[in-house]
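The values are calculated or read from the model by the stated rules, or taken from the named source; none is laboratory data. These numbers come from a predicted model, not from an experiment. Methodologically, a virtual Cβ is constructed for each residue, glycine included, from the backbone with ideal geometry; neighbour enumeration extends over all protein chains shown.
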Amino acid sequence: MPTDARRRRELPSEAKRRGASRAKVVPTSVIVVDPRVRLKCSIPLCDNLGRHLLCPPNVMPIDQFRETLKAFKNALLLQIESDYDSSDKSNLHLDAEMCADLHEVTEARRFEKKLTQLVEEMEALAFKKGFYFATGLGGCECVLCDTCVGQGSKNPCRHPFRARPSMQALGIDVIKTCKRAGMPVKLSSSQKVRWTGLVLLD
């Protein structure tokens, strides 16, 4: 019977086989939880705040997530590299119209969906390998539906077994976490965009 350590070592290679550019099992001590991440949901105001079922305030409070995270020892960090960079190509300030345009960029959405699928698959694989508390977190808001049914609609999530909150929604500083894990990402640079997801392992 393979040990937990051996089963964990098998996960990165399987993730790469399924399309990950980078994958690494890291101790959860490298995961940085910072309340300032959630502050960025409010300032500037994200259009998903209070409207999306998997965005604040509809997700676990940061303090509760930080306490829950202590029960996990390892995590599988996943990255998918896009074929475009993140350099700032506009001289304009950030506004609602620009944000709307960003959401409509089909190339970005394609990679977000690819990462969502990979996180879902690796969570299921980890579960089958014996990590029965495996929990996947995405790298952006849930993209399974074009429009979320939303808070207050009284309609349930259309994909309750597939939908996952993002790392940022739970207060994870993705930039600092990736840096500490040796998988750094950069914003507004000529480097290719790397979409990052996470699967917590017991």
Restricting attention to the stretch 1-44, report how many residues are within 21 Å of ARG180 (Cα to Cα) and in a loop (DSSP other than H, G, I, E, B).
5
When you check THR28 against the structure, is it more than 16 Å from GLU141 (Cα to Cα), of a type in the set (Ser, Thr, Tyr) and at pLDDT 90 or above, yes or no?
yes
Within the stretch 127-138, can one find any residue that is aliphatic (A, V, I, L, M) and crowded, with 16+ Cβ neighbours inside 10 Å?
yes
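Which of the residues belonging to the stretch 65-76 are surrounded by 15 or more Cβ atoms within 10 Å (Cβ to Cβ) and in contact with a helix residue (DSSP H, G or I) (Cβ under 7 Å, 6 or more places away or on another chain)?
Step one: of the stretch 65-76, the residues surrounded by 15 or more Cβ atoms within 10 Å (Cβ to Cβ) are 65-66, 69, 72, 74-76.
Passing the criteria: PHE65, LEU69, PHE72, ASN74, ALA75, LEU76.
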Any residue in the stretch 15-37 that is without any contact (Cβ under 8 Å) to a residue 40 or more places away in the chain and of a type in the set (D, E, K, R) sitting within a Cβ distance under 7 Å of a residue that is in a helix (DSSP H, G or I) and surrounded by 19 or more Cβ atoms within 10 Å (Cβ to Cβ)? List the pairs, counting only those 6 or more apart or interchain.
none
Every residue from the stretch 126-180 that is part of a loop (DSSP other than H, G, I, E, B), farther than 23 Å from GLU14 by Cβ, free of Cβ contacts under 8 Å to residues at least 12 places away in the same chain and not small (Gly, Ala, Ser)
ASP146, THR147, LYS154, ASN155, PRO156, PRO160
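Residue by residue, here is whether (1) at pLDDT 60 or above; (2) closer than 21 Å to VAL185 by Cβ holds:
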{"position": "LYS89", "(1), (2)": "no, yes"}
{"position": "ALA100", "(1), (2)": "no, no"}
{"position": "ARG109", "(1), (2)": "yes, yes"}
{"position": "GLU112", "(1), (2)": "yes, yes"}
{"position": "LEU115", "(1), (2)": "yes, yes"}
{"position": "LEU118", "(1), (2)": "yes, yes"}
{"position": "GLU121", "(1), (2)": "yes, no"}
{"position": "PHE127", "(1), (2)": "yes, no"}
{"position": "GLY130", "(1), (2)": "yes, no"}
Mind listing whichever residues of the stretch 45-64 are surrounded by fewer than 18 Cβ atoms within 10 Å (Cβ to Cβ) and in contact with a Leu (Cβ under 7 Å, 6 or more places away or on another chain)?
MET60
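Look through SER42, SER13, SER21 and report the one residue that is polar (S, T, N, Q) and surrounded by 14 or more Cβ atoms within 10 Å (Cβ to Cβ). Before the answer, list the steps.
Values: SER42 fails: surrounded by 14 or more Cβ atoms within 10 Å (Cβ to Cβ); SER13 fails: surrounded by 14 or more Cβ atoms within 10 Å (Cβ to Cβ).
The match here is SER21.
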Among (1) on the phi < 0 side of the Ramachandran plot; (2) modelled with pLDDT under 95; (3) not β-branched (Val, Ile, Thr), LYS73 falls short only on (2)
